[in-house]
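Here's the structure we're looking at; comments come further down.
The values are calculated or read from the model by the stated rules, or taken from the named source; none is laboratory data. All figures in this text were calculated on a predicted structure; none of them were measured in a lab. In this analysis, Cβ positions are derived from the backbone assuming ideal geometry, glycine residues included, and neighbour counts consider all displayed protein chains.
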Amino acid sequence: MSMNEYKIGVEVIPNYIENQSNPDKGHYVFSYTVTIVNQGSIAAKLLTRHWIIKDAHGDIQEVRGDGVVGEQPYLKPGEGFQYTSGTLMKTPSGSMMGSYQMIADDGFKFDATIPEFYLVIPGILH
């Protein structure tokens, strides 16, 4: 069995939401748009998500749940799914990473890695 049958590409674009943030109170709101593409040769369904959210103090929050934005997208080879979600941070920068748990049409379960990406207020890094 070749693992190329089970390949999910994940790309994330983060964005700082200034009008929902309140830096004086340590509330920094970020959105992130995720694009998931089935780059394998077998259809698969996204079952659950696991996020690891880390702020600038090194505090880690883990989030697990079913699906994404209330859906469990089913992706045939070449198909994609895009959604936008958000998170609240206590610091002006941090990072997120994680995985989606997938099940292929043949019953094989595998993880799709969400590569680490950074949440940073524009202009604070020089």
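What the table shows:
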quantity	calculated
Elements of type strands (runs of 3 or more DSSP E) in the range 73-126, at least 2 residues being of a type in the set (Val, Ile, Thr) and out of contact with any Gly (no Cβ under 7 Å at 6 or more places or on another chain)	80-89, 109-120
Residue selected from the range 27-62 under the condition surrounded by fewer than 13 Cβ atoms within 10 Å (Cβ to Cβ) and in a strand (DSSP E or B), by the criterion nearest to the chain's Cα centre (by Cα)	Glu62
Sole exception among (1) surrounded by fewer than 17 Cβ atoms within 10 Å (Cβ to Cβ); (2) at pLDDT 95 or above; (3) of a type outside the set (Val, Ile, Thr) for Met1, by number	(2)
One residue from Glu71, Glu18 being under 26 Å from Ser93 (Cα atoms) and either touching a helix residue (DSSP H, G or I) at 6+ places or on another chain (Cβ under 6 Å) or surrounded by fewer than 18 Cβ atoms within 10 Å (Cβ to Cβ) (or both)	Glu18
Filtered residues of the range 95-126 (kept if closer than 16 Å to Ile13 by Cβ and either over 14 Å from the mean Cα position of the chain (by Cα) or aliphatic (A, V, I, L, M) (or both))	Met96, Met97, Ile114, Leu119, Val120, Ile121, Pro122
Residue ID - surrounded by the fewest Cβ atoms within 10 Å (Cβ to Cβ), chosen from residues in the range 94-120 that are in contact with an Asp or Glu (Cβ under 8 Å, 6 or more places away or on another chain) and more than 27 Å from Ser41 (Cβ to Cβ)	Ser95
